[in-house]
Amino acid sequence: MPKTVLVTGGAGFIGSHTCVELLRSGHEVVVLDDHSNSSPEALERVAKIAGRPIAAVHTADVRDRRALDEVFTSHPVDAVIHFAAKKAVGESVRIPLTYYDINVGGTTALVAAMHDHGVHRLVFSSSCSIYGNATVVPLTEESPAAPTNPYATTKWTCEQILADQCRHVPGLRVLALRYFNPAGAHPSGLLGEDPSGVPNNIMPFLTQIAVGRREELSVFGDDYPTPDGTGIRDYIHVVDVAEGHVAALDHLDDEPGLQVFNLGTGRGSSVLDLVRTFEEASGQPIPHRIAPRRPGDVAELVADPSKVAAAWGWTARRDLAAMCRDAWHFQQLNPYGYAP
Ligand code: NAD
Ligand code: WQD
């Protein structure tokens, strides 16, 4: 059934890819984004890829109750996908209050507005970072939460707030999706990851080296207890993540209350695996040298993706080579991202 979906943070990396898949699946899309970490250009490209327009774009802060009231008054919103948040772990250590204000305050403002306007379906962007320094992998949804930085704490706090609100509002249905490491880009080369400044995440760092914007990769540690000593992560193609949200919309009514799902592939890749795969996929050499561990990093984070597979029949379909190929394609076509 086509729905009218409010997508907060819809111009961002995961949000823009999700808007494409929502439009392609016949849903009406309303975006709210303050563009603090995205370009309006991404939304133009979403409509171009999907061949359909976004119904409305509200340029506003998700904490702004008046703006939220206007959105819910102007559109018959059936469900909300809440991406809008700040996501840089290192920055969250430097400015924790800003992270609590935007990530937690944004979520409470949104949920309060949804309640006031009788909207009872929400998909929330959570993160594998809530598992912290995991000792047992793969991680199931029952693995203990142990956030190790303010960013991860904001996501864990939001999950608890949503659980409490579900206890308070029996008709509320919330899916919290804990993404592992989203990477890659749209295969069209029109949408991708466009971080401002020095990338925090490894994939945009690799593409910026390949395109000549950076010289070499520092491999953060080769003395972890992993086969090659470098950190292992569960990279998942951003289009798989986007398709996961379309599937989530179809399953919001399965059960009342808060349900939590990992979105990962179940396959771990080390930093050196990723460098090798990227070199093969792009044909570009990636100069790299071993550097000290990055504070706060963990050895290995890999999802057990079986809960979502059993519940929805959904699994990630694209491999690491596709992530590298698509990320490189976007960077080649957009050497400076969305900047003109
Ligand atoms: P992103 O920064 O590309 O997108 C976030 C979007 O939200 C941006 O368009 C930004 O302008 C907007 N935004 C930020 N603050 C806002 C505010 N106060 N009001 C309105 N809009 C605001 O990030 P992303 O990678 O697309 O991540 C989307 C969500 O997924 C975030 O909640 C993030 O925490 C979560 N997540 C991301 C990853 C990842 O590695 N990318 C992993 C796990 C979870
Ligand atoms: C991946 C691997 C690094 C950069 C982050 C957030 C997490 C989630 C996903 C939001 C690690 C290594 C990296 C570099 C390197 N986001 N690396 N050199 O840290 O796993 O997860 O994004 O929810 O919360 O913490 O991702 O891409 O930064 O690092 O060697 O220049 O690459 O040590 O092993 P991370 P990442």
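The values are calculated or read from the model by the stated rules, or taken from the named source; none is laboratory data. Owing to the predicted nature of the structure, the values given are computational and were not obtained by experimental measurement. Ideal geometry is used to build each Cβ from the backbone, glycine not excepted, and the neighbour counts take in all protein chains shown. Accessible surface areas use protein heavy atoms only, side chains included; no ligands, DNA or RNA. Shrake-Rupley method; radii C 1.70, N 1.55, O 1.52, S 1.80 Å.
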Hey, any hits in the range 73-89 for a residue that's under 17 Å from the mean Cα position of the chain (by Cα), part of a helix (DSSP H, G or I) and not basic (Lys, Arg)?
-> yes
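Table: residues versus (1) at pLDDT 95 or above; (2) within 25 Å of Leu301 (Cα to Cα); (3) out of contact with any helix residue (DSSP H, G or I) (no Cβ under 7 Å at 6 or more places or on another chain); (4) within 9 Å of ligand 2 (Cβ to nearest atom).
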{"position": "Leu175", "(1), (2), (3), (4)": "yes, yes, no, no"}
{"position": "Asn181", "(1), (2), (3), (4)": "yes, yes, yes, yes"}
{"position": "Ser196", "(1), (2), (3), (4)": "no, no, yes, no"}
{"position": "Gly212", "(1), (2), (3), (4)": "yes, no, yes, no"}
{"position": "Ser218", "(1), (2), (3), (4)": "yes, yes, yes, yes"}
Since Val62 meets every condition but one in (1) away from ligand 2 (no atom under 16 Å from the Cβ); (2) in a helix (DSSP H, G or I); (3) under 27 Å from Thr148 (Cα atoms); (4) in contact with a strand residue (DSSP E or B) (Cβ under 9 Å, 6 or more places away or on another chain), which condition does it not meet?
-> (2)
Only one of (1) farther than 12 Å from Ala183 by Cα; (2) out of contact with any His (no Cβ under 9 Å at 6 or more places or on another chain); (3) away from ligand 2 (no atom under 14 Å from the Cβ) does not apply to Thr230, and that is (3)
Would you check if Ser92 is of a type in the set (S, T, N, Q), at pLDDT 95 or above and either over 18 Å from Lys307 (Cα atoms) or within 12 Å of ligand 2 (Cβ to nearest atom) (or both)?
-> yes
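Take the residues of the range 95-132 that are assigned to a loop (DSSP other than H, G, I, E, B) and small (Gly, Ala, Ser): which is most open to solvent (accessible area, probe 1.4 Å)?
At the first step, the residues of the range 95-132 found to be assigned to a loop (DSSP other than H, G, I, E, B) are 95, 117-120, 132.
From what's left, small (Gly, Ala, Ser): 118, 132.
Numbers: Gly118: 46, Gly132: 5 Å².
So the residue we want is Gly118.
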Filter the range 133-160 for residues that are assigned to a helix (DSSP H, G or I) and not hydroxyl-bearing (Ser, Thr, Tyr); the one that is farthest from ligand 2 (Cβ to nearest atom) is Gln160
Do you know which residues across the range 52-85 are open to solvent by 60 Å² or more (accessible area, probe 1.4 Å) and not aliphatic (A, V, I, L, M)?
-> Arg52, Pro53, Thr59, Arg63, Asp64, Arg65, Arg66, Glu70, Thr73, Ser74, Pro76
The residue from Leu23, Leu43 that alone is of a type in the set (A, V, I, L, M), without any contact (Cβ under 8 Å) to a residue 40 or more places away in the chain, more than 15 Å from His82 (Cβ to Cβ) and open to solvent by 10 Å² or more (accessible area, probe 1.4 Å) is Leu43
With the checklist (1) on the phi < 0 side of the Ramachandran plot; (2) modelled with pLDDT under 95 in hand, flag the one item Leu190 doesn't pass.
-> (2)
Quick one: which helices (runs of 4 or more DSSP H) sit completely within the range 259-335 and have at least 2 residues that are surrounded by 14 or more Cβ atoms within 10 Å (Cβ to Cβ), of a type in the set (D, E, K, R) and at pLDDT 95 or above?
-> 271-282, 320-333
Taking the range 138-160 and the residues there that are over 17 Å from Thr108 (Cα atoms) and open to solvent by 50 Å² or more (accessible area, probe 1.4 Å), the one that is nearest to ligand 1 (Cβ to nearest atom) would be Thr148
Which is at positive phi, of a type in the set (Gly, Ala, Ser) and within 14 Å of ligand 1 (Cβ to nearest atom), of Gly26, Gly90, Gly9, Gly15?
-> Gly9
Just give me the residues in the range 26-40 being in a loop (DSSP other than H, G, I, E, B), open to solvent by 30 Å² or more (accessible area, probe 1.4 Å) and not small (Gly, Ala, Ser), in sequence order.
-> Asp34, His35, Asn37
Look at the range 168-193 and say how many of its residues are closer than 15 Å to Pro204 by Cα and within 15 Å of ligand 1 (Cβ to nearest atom).
-> 9
Please name all residue pairs, on different chains or six or more residues apart, with Cβ atoms under 8 Å, provided the first residue is in the range 57-72 and is modelled with pLDDT of 95 or more and the second residue is open to solvent by 70 Å² or more (accessible area, probe 1.4 Å) and hydrophobic (A, V, I, L, M, F, W, C).
-> none
